[in-house]
1. Within the stretch 24-52, work out how many residues are open to solvent by 60 Å² or more (accessible area, probe 1.4 Å), of a type outside the set (D, E) and in a helix (DSSP H, G or I).
2. Are there any pairs, at least 6 apart or on different chains, whose C-beta atoms fall under 7 Å, with the first in the stretch 37-57 and within 27 Å of E3 (Cα to Cα) and touching a residue at least 24 places away in the same chain (Cβ under 8 Å) and the second open to solvent by less than 100 Å² (accessible area, probe 1.4 Å) and basic (K, R), and if so, which?
3. Tell me, please, whether a residue that is open to solvent by less than 50 Å² (accessible area, probe 1.4 Å) and either in contact with a Ser or Thr (Cβ under 7 Å, 6 or more places away or on another chain) or touching a residue at least 40 places away in the same chain (Cβ under 8 Å) (or both) can be found in the stretch 2-23.
Amino acid sequence: MAEWVIDKAVQGYGGAGVSQDTPLAALWAQARTLRLADGPDEVHRASLARRELARWP
């Protein structure tokens, strides 16, 4: 979600959004790094599905 919000802010700022004049470029890079470190979305979905399906005998 943070990456989506930052992307919208970058779009609003235009070229300045990816320059060093605003913190947006650094924020986007940090958000993207966290997303990579957190693991693939597919793994999270599979884990959630397994947990939910385990509730039903």
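The values are calculated or read from the model by the stated rules, or taken from the named source; none is laboratory data. No experiment lies behind these values; they were computed from the predicted model shown. For neighbour counting, all protein chains shown are included, and Cβ atoms are generated from backbone atoms with ideal geometry for every residue, glycine included. When the accessible area is computed, the model is the full protein with side chains, heavy atoms only, and any ligands, DNA or RNA have been set aside. Shrake-Rupley method; radii C 1.70, N 1.55, O 1.52, S 1.80 Å.
1. Residues meeting the conditions: 15.
2. Every condition considered, no pair remains.
3. First, pick out the residues of the stretch 2-23 that are open to solvent by less than 50 Å² (accessible area, probe 1.4 Å): 3, 6, 9-10, 14, 16-17, 19, 22.
Next, from what is left, pick out any that are either in contact with a Ser or Thr (Cβ under 7 Å, 6 or more places away or on another chain) or touching a residue at least 40 places away in the same chain (Cβ under 8 Å) (or both): 16.
Looking through the stretch 2-23, at least one residue is open to solvent by less than 50 Å² (accessible area, probe 1.4 Å) and either in contact with a Ser or Thr (Cβ under 7 Å, 6 or more places away or on another chain) or touching a residue at least 40 places away in the same chain (Cβ under 8 Å) (or both).
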